[in-house]
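Below is one structure; the comments refer to it alone.
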Amino acid sequence: MRRIWIVVVTLVLGAGLLAAPAAAGEPPIKLPASPRGLKAPVTLPDGVDPASPYLPQVSCSPVDMAGVLKLRNLVLKTYGEGGKGGISRGCTDGLSEHSEGRAWDWMVDVHDKSEKAAAANFLSWVTRKDGRNARRLGIMYVIYNKKIWSVYNTKGGWRSNSGHTDHVHVSFSWNGARGNVSFWTGKVGRIDYGPCARFKGTYAARTSTPRATACATPGPLLAKTSLGQRAYGRTGATVKKAQRLLDVPMTSRFDKATWTAVRRYQRTHDIPRTGVLDHPTWASLSPADVTYRAVEGYTRDEAIAYGIDHYSDGVIAPGRAARPVVFLQTALGLPRTVRNGFYGSETRAAVKQVQKRAGLTADGIVRGEEWKALRAQQG
């Protein structure tokens with residue numbers, strides 16, 4: 001799935017987004033040397049936020065993020081031109097930061113004199129001084145009138161792109177989208193790399209916690225079904241089936257009500273809260289459609305014995321997505337709908353009960369002592 005998305009984004013944004021020519025190009029319109037900029041609501045620090053690398057979409061979330069909303073409101077108030085445009089949207093048009101609420105389209109037409117002048121002031125102010133203001137706002141790149149400029153490649157200047165003649169497209173880093181940047185807080189932020197996918201071929205679950213380190217390698221899918229992945233914005237009979245199972249209006253369209261219901265179901269069934277009808281979710285929601293399970297046919301006693309033999313020397317902690325978690329969930333006697341291999345809140349609550357009964361520290365971390373306690377309590 002990620003390979004397909006990378007191809008799509010290359011076609012949509014052009015090769016200039018990921019690789020730039022040696023020399024800087026001309027801007028999309030004439031930019032003023034002394035632009036009218038935006039006034040920060042706080043005293044800005046001497047330091048400047050680090051330039052964000054290119055952080056492509058990894059999740060699917062139809063929620064406008066706080067930092068994007070703040071910038072939209074300030075731009076419209078400052079320049080008084082153009083339409084407010086859109087922020088979040090569906091996940092059906094290829095790779096896009098719009099799909100996780102961290103991109104904004106400011107509707108300023110290049111053929112309208114006053115709107116074009118407003119766009120020129122904003123773009124000049126954002127990109128001047130090697131993108132100093134873009135860094136303060138957590139802006140990754142902007143597109144206008146068939147040209148793109150990115151904070152992670154300021155030496156490339158404005159590069160060729162396509163379209164965007166009736167609006168300025170602004171894409172944000174995770175820090176910028178969350179509003180955790182110096183323009184809003186008065187404190188220099190650090191790079192936030194965003195959420196991580198837990199299973200291969202799935203979206204990441206959107207989080208509210210910044211991440212300063214690289215993601216772990218996603219684990220393999222531990223359950224697969226005959227039903228295809230469906231995300232916000234999709235339509236059809238498969239979506240309608242999920243709506244029936246989730247007891248939401250059967251519109252056949254993956255709307256916000258469905259997205260909310262999927263996340264609610266995932267939270268109570270120890271599935272990464274992606275908001276997407278992915279394989280782990282379908283395997284729990286519609287067991288009759290399961291075509292593969294990595295761990296199958298073990299009784300509770302057999303799962304405990306297997307855990308003692310194979311996992312006593314290691315650690316299984318909350319947040320892990322792996323085969324050992326399925327054995328743990330089976331050993332705990334959790335419902336089949338929860339045994340997907342992701343260590344979430346339901347699994348943790350069950351582990352802590354075992355620890356309390358055994359007089360162990362109730363931290364939810366499974367070591368050799370917990371496996372032995374499971375056997376003693378089961379016997």
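The values are calculated or read from the model by the stated rules, or taken from the named source; none is laboratory data. From a predicted model like this one, the values you see are computed outputs, not experimental measurements. Neighbour counts run over all protein chains shown; Cβ positions are idealised from the backbone, glycine included.
Structure above, values below:
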item: Qualifying helices (runs of 4 or more DSSP H) (wholly inside the stretch 296-366; at least 1 residues being over 25 Å from Tyr265 (Cα atoms) and outside the structural domain of Arg264 (by TED's automatic domain parsing)); result: 300-311, 345-358
item: Selected residue (only one of Arg178, Arg234, Arg267 is touching a residue at least 24 places away in the same chain (Cβ under 8 Å) and under 23 Å from Tyr343 (Cα atoms)); result: Arg267
item: All positions within the stretch 85-107 that are in contact with a His (Cβ under 8 Å, 6 or more places away or on another chain), touching a residue at least 40 places away in the same chain (Cβ under 8 Å) and within 21 Å of Pro53 (Cα to Cα); result: Ala103, Trp104, Asp105
item: The stretch 255-295, subset part of a helix (DSSP H, G or I) and charged (D, E, K, R), residue nearest to Gly333 (Cα to Cα); result: Arg267
item: Out of Gly189, Gly156, sole residue that is surrounded by fewer than 23 Cβ atoms within 10 Å (Cβ to Cβ), in contact with a Gly (Cβ under 8 Å, 6 or more places away or on another chain) and of a type outside the set (A, V, I, L, M, F, W, C); result: Gly156
item: Residue count for the stretch 22-50, restricted to those that are assigned to a loop (DSSP other than H, G, I, E, B), touching a strand residue (DSSP E or B) at 6+ places or on another chain (Cβ under 9 Å) and not acidic (Asp, Glu); result: 5
item: From the options Lys155, Lys146, residue that is under 25 Å from Ala33 (Cα atoms) and modelled with pLDDT under 95; result: Lys155
item: Residue check, Val315 under 32 Å from the mean Cα position of the chain (by Cα), surrounded by fewer than 19 Cβ atoms within 10 Å (Cβ to Cβ) and over 26 Å from Thr225 (Cβ atoms); result: yes
item: So Tyr193, is it outside the structural domain of Gly275 (by TED's automatic domain parsing), of a type in the set (Ser, Thr, Tyr) and not in a loop (DSSP other than H, G, I, E, B); result: no
item: Restricting the stretch 72-84 to residues that are free of Cβ contacts under 8 Å to residues at least 40 places away in the same chain and assigned to a helix (DSSP H, G or I), the residue that is nearest to Phe254 (Cα to Cα); result: Arg72
item: Residue in the stretch 272-318 that is farthest from Glu346 (Cα to Cα), counting only those that are without any contact (Cβ under 8 Å) to a residue 40 or more places away in the chain and touching a Phe, Trp or Tyr at 6+ places or on another chain (Cβ under 6 Å); result: Tyr306
item: Candidates Ala322, Ala331 - the one that is of a type in the set (A, V, I, L, M) and either free of Cβ contacts under 8 Å to residues at least 40 places away in the same chain or touching a Lys or Arg at 6+ places or on another chain (Cβ under 7 Å) (or both); result: Ala331
item: Listing of helices (runs of 4 or more DSSP H) fully contained in the stretch 100-185 that carry 2 or more residues being closer than 20 Å to Gly82 by Cα and outside the structural domain of Val276 (by TED's automatic domain parsing); result: 113-137
item: Failed item, numbered, when Phe199 is tested on (1) more than 20 Å from Arg102 (Cα to Cα); (2) under 14 Å from the mean Cα position of the chain (by Cα); (3) without any contact (Cβ under 8 Å) to a residue 24 or more places away in the chain; result: (3)
item: Count - residues of the stretch 219-251 that are among the hydroxyl-bearing types (Ser, Thr, Tyr), farther than 29 Å from Val295 by Cβ and crowded, with 17+ Cβ neighbours inside 10 Å; result: 1
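Results for (1) over 20 Å from Glu369 (Cβ atoms); (2) buried (at least 17 other Cβ atoms within 10 Å of the Cβ), shown as yes or no for each residue.
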position	(1), (2)
Arg300	no, no
Ile304	no, yes
Arg320	no, yes
Leu332	no, yes
Arg339	yes, yes
Glu346	yes, yes
